[in-house]
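Below is one structure, written out as structure tokens; the observations come after it.
Just so it is clear, none of the values below were taken in a lab; they were calculated from the coordinates. Treat the numbers as computed from the prediction; the structure is a model and nothing was measured. As a convention, Cβ positions derive from the backbone with ideal geometry for all residues, glycine included, and neighbour counts pool all protein chains shown.
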Amino acid sequence: MPDRQLLTTTIGAFPKPSCTPIGDWFPDPDDASAKSQGEGLLKRWQRADYEQRLARAGEAAEEAFVRAIEEVVRDQVEAGIDVPTDGEVRRENYIFYQCRHFHGIDFDHLTEKVARDGAFTAAVPTITADVTPHELILARDWRIAQRVTDRPVKITLPGPMTIGDSVADAFYADPARRGRALAEALNAEVRDLAAAGCRNIQVDEPVFARKPREALDYGIENLERVFHGVPEEVQRIVHMCCGYPSALDTPDYPKADPNAYFQIADAMDEAAIDAVSIEDAHRPNDLRLLERYRRTTVLFGVVDVGRSRVEPVDEIALRLRKALDHIDSRRLVAAPDCGLGLLGRDLAMQKLSNLCAAAHGDASA
């Protein structure tokens with residue numbers, strides 16, 4: 001076990017509860033069809049269905065969301081997580097959920113776009129005008145989650161480059177300019193979260209790992225704009241995974257180049273952020289990568305979110321000890337590789353419990 005107890009956190013998504021007054025609104029992660037290659041959990045909800053189902057459910061939808069958020073926060077705390085999230089329970093898609101609350105992104109005007117470096121084609125919302133916020137929603141989500149626990153709840157939101165990579169753009173001619181507009185819209189959400197009292201705010205930029213050159217050219221600068229004006233006591237966190245499967249136990253799903261982490265590490269360490277989240281469980285890194293982060297805290301992925309195998313406590317603890325040969329224990333936080341939405345509640349709880357036992361030094365687990 002590590003000589004010093006390490007903090008633990010989750011990255012964002014948690015398996016969504018299915019027993020609600022609105023029936024199948026929450027997909028059941030244990031349903032085999034939710035894990036098939038063609039009907040993966042990431043593709044289960046149609047964009048057109050989201051607002052229609054909310055409208056049909058009426059007040060029952062809000063009641064179900066609140067109960068579900070409370071449940072997933074309690075689950076994380078029970079597993080031992082020090083900094084839980086709201087589980088992203090409301091989100092049909094972690095990017096589009098945010099985009100729905102911006103002016104300028106049209107969900108009726110869908111455009112076919114090649115995604116994930118050619119992995120698949122999807123009909124996506126289209127930027128048709130200047131992007132600005134029209135409704136701030138994340139502080140509400142944080143308040144609901146935070147009232148469940150005295151542990152600090154982290155809220156996540158997609159970053160400018162990741163949003164830009166996931167929608168079609170019929171308005172901006174320049175991706176850097178588009179990113180700046182998105183960053184300024186996201187900054188309104190982040191400032192509102194901070195004003196509400198949220199002290200752990202995470203921007204998800206997995207596209208940094210897929211497009212390191214663009215990240216260096218303009219992505220990191222726009223990332224800093226997202227956090228502009230945020231009080232010093234707020235932890236500015238950035239998540240950068242290398243790829244998420246469409247279904248559990250999918251072999252050889254597309255991943256970013258592992259060298260991308262090294263390409264952007266120095267610039268990320270110099271950026272106006274406090275912590276970076278990187279994956280290490282599904283595809284282990286050369287741990288000398290951690291030495292590139294001289295001032296920045298690293299949220300270190302030590303359980304795999306794409307495989308059903310549950311990592312034993314001793315295995316996780318060994319990887320953490322090896323990591324501590326390269327980074328100070330005060331700047332290492334144990335985490336999953338990415339969100340837990342594919343795993344189902346029981347599997348997620350097993351993995352998180354083992355993660356926490358390893359990080360907290362509980363040899364009895």
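Ranked by how many other Cβ atoms sit within 10 Å of their own Cβ, fewest first, the residues ASP108, ASP280 fall in the order ASP108, ASP280.
Over the chain, dividing the summed -39,500 (n - 2.57) contributions of all DSSP H runs of at least 4 residues by the number of residues returns a 222 nm mean residue ellipticity of -10500 deg cm²/dmol. If a spin label sat at a point 7 angstrom from the Cα of ARG283 along the line to its beta carbon, the backbone N atoms of the stretch 228-259 nearer than 16 Å would be those of 240-247, 249-259. Each part gets one Cα centre, and for the stretch 244-274 versus the stretch 58-107 those centres are 24 Å apart.
The listed peptides 11-17, 334-340, 250-256, 263-269, ordered by packing as a protection proxy, come out as 334-340, 11-17, 263-269, 250-256 (highest mean of other Cβ atoms within 10 Å first). Each of PRO175, LEU186, MET161 was placed along the dipole of the stretch 119-261 (beta-carbon charges, centred on the mean Cα), and the one lying farthest toward the positive end is LEU186. Between the listed residues VAL276, GLN98, ALA13, the Cα displaced farthest toward the positive end of the dipole of the chain, a dipole computed from Cβ unit charges relative to the Cα centre, is found at VAL276. Put simply, the stretch 73-184 fits an ellipsoid with semi-axes of 31, 16, 12 Å; these come from the alpha carbon gyration tensor as the roots of five times its eigenvalues, largest first. Taking amide H as placed 1.01 Å from N in the peptide plane, the amide H of ASP106 sits under 5 Å from that of THR126, ILE127, THR128, each at least 5 places away or on another chain. Using only side-chain charges placed at the Cβ, +1 for Lys and Arg and -1 for Asp and Glu, the dipole size of the stretch 7-360 relative to its Cα centre rounds to 320 debye. Membrane-span-like helices in the chain, defined purely by DSSP H runs whose alpha carbon atoms cover 30 Å or more axially and whose average Kyte-Doolittle hydropathy reaches -0.5, are 59-79, 175-196. Excluding same-chain neighbours fewer than eight residues apart, the aspartates and glutamates reachable from LYS113 by a Cα-Cα span under 12 Å are ASP165, ASP169. Around the Cα centre of the stretch 105-192, unit charges on the Cβ atoms of Lys, Arg, Asp and Glu (plus for the first two, minus for the last two) sum to a dipole of about 440 debye. Across all directions, the average flat footprint of the convex hull enclosing the Cα atoms of the stretch 142-237 is 6.6 nm². Listed options for P(r) over Cα pairs in 20 Å bins from 0, in percent are (1) 31, 63, 7; (2) 31, 57, 12, 0; (3) 26, 40, 12, 16, 5, 0. The value calculated from this structure is the one marked (1). The amide H of VAL131, built 1.01 Å from its N in the peptide plane, has no neighbour under 5 Å, considering only residues 5 or more places off or on other chains. Computed from phi, the 3J(HN,Hα) profile of the stretch 291-300 under the Karplus parametrisation 6.51, -1.76, 1.60 (θ = phi - 60°) reads 5, 6, 9, 8, 10, 8, 6, 10, 7, 10 Hz, with x in place of Gly and Pro. All distinct Cα pairs of the stretch 199-263 go into the 1/r average, and the inverse of that average, the Kirkwood radius, is 13.3 Å. For the chain, the share of DSSP beta bridges that are antiparallel, to the nearest 5, is 25%.
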